[in-house]
1. Once neighbouring chains are kept in place and the probe is 1.4 Å, which whole percent of the accessible area of segment 34-113 is contributed by carbon and sulfur?
2. Can you list which of the GluC sites (Glu not before Pro) found in segment 127-199 are DSSP loop residues with at most 10 other C-beta atoms within 10 Å?
3. Which distance in nm do the two modelled labels at Arg82 and Arg5 give, with both placed 7 Å along the Cα-to-Cβ direction?
4. How long is the gain from His192 to Glu69 if the chain were fully straight, where each residue apart is worth 0.36 nm and the alpha carbon distance is subtracted?
5. Mind giving me the nanometre distance, one decimal, between the label points for Ile92 and Arg22, set 7 Å out from Cα along Cα→Cβ?
6. Excluding ligands, DNA and RNA, what is the solvent-accessible area per residue of segment 53-142 at a probe of 1.4 Å, expressed in Å²?
7. Out of the trypsin sites (Lys or Arg not before Pro) in segment 1-47, which ones are loop residues according to DSSP with at most 16 other C-beta atoms within 10 Å?
8. So in the chain, what percent of DSSP beta bridges are antiparallel if you round to the nearest 5?
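The values are calculated or read from the model by the stated rules, or taken from the named source; none is laboratory data. Since the structure is predicted, the reported quantities are computational estimates derived from the model, not experimental observations. Positions of Cβ are backbone-derived with ideal geometry, glycine not excepted, and every protein chain shown enters the neighbour counts. The area values use the complete protein model at the heavy-atom level, side chains included, leaving out ligands, DNA and RNA. Shrake-Rupley method; radii C 1.70, N 1.55, O 1.52, S 1.80 Å.
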Amino acid sequence: MRESRLIPSFPHEIIATDEVGRGPLSGPVVVAAVRIHVENHEALNSLLRFLRPKGVTDSKQLKAKDRLEILSKLGIKDLPFREKGYVVLKGIEVSYVTWEMDHKVIDEENILAASLRGMKEACLYLTQNPTCHTTVLIDGKMKLRWGSEKSPWNEIPIIQGDSKSLLIGLASIIAKEKRDGHMLQMHELYPHYGFNSHFGYPTADHRNIVTGK
């Protein structure tokens with residue numbers, strides 16, 4: 001997929017977002033958003049041509065060492081929650097943020113609503129042009145939830161977007177790496193749960209630990 005075909009006009013702000021953590025039994029849902037501002041098709045395509053050979057794709061298709069290698073090649077090192085980071089690639093500033101939705105939000109709103117809320121909040125945090133000149137690429141089949149309000153953006157859900165869009169794929173990698181890093185920290189606090197091996201996902205070992213079998 002060429003993201004440039006989805007952009008209605010230039011110059012344009014593009015934000016891509018994805019989440020990791022809707023399947024695990026424990027740990028947060030982690031959202032990542034990636035933002036760029038491009039002047040024209042040529043600038044966008046130049047960035048995409050740069051990202052493609054770096055191996056950017058759906059994080060589920062990558063091993064941990066591959067994710068780290070990709071982020072290292074791109075100069076992405078620190079991934080703090082709710083703080084913006086940025087790198088300059090092909091003359092374009094690429095900013096990013098990770099956003100966590102904990103068990104309280106998940107229990108109150110359900111996990112899908114919490115994921116969409118996290119995506120919305122992360123995109124709002126990054127945007128510098130909250131108008132119709134912004135396109136938000138969303139992994140999945142649903143748009144963000146605005147209640148009675150109208151979205152200020154051109155929102156485009158893309159099923160399997162993390163493997164079809166390089167920008168969503170990059171958000172996927174950032175979210176996965178941040179969540180895994182967080183679960184490793186949880187392992188230091190609660191080593192008996194084995195978070196360093198299953199990262200909260202419902203493996204047989206994790207279920208046995210939880211049930212005491």
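1. In segment 34-113, the share of accessible area belonging to carbon and sulfur is 49 percent.
2. Passing both the DSSP loop test and the Cβ count: Glu149.
3. 3.9 nm
4. Result: 41.3 nm gained on full extension.
5. Reported label-point gap for Ile92 and Arg22 is 2.6 nm.
6. Per-residue accessible area for segment 53-142 comes out at 53 Å².
7. Details: sites: Arg2, Arg5, Arg22, Arg35; in loops: Arg2, Arg22.
In loop regions of segment 1-47 (DSSP not H, G, I, E or B), the sparsely surrounded trypsin sites (Lys or Arg not before Pro) are Arg2, Arg22.
8. If I count the DSSP bridges inside the chain, around 65 percent turn out antiparallel.
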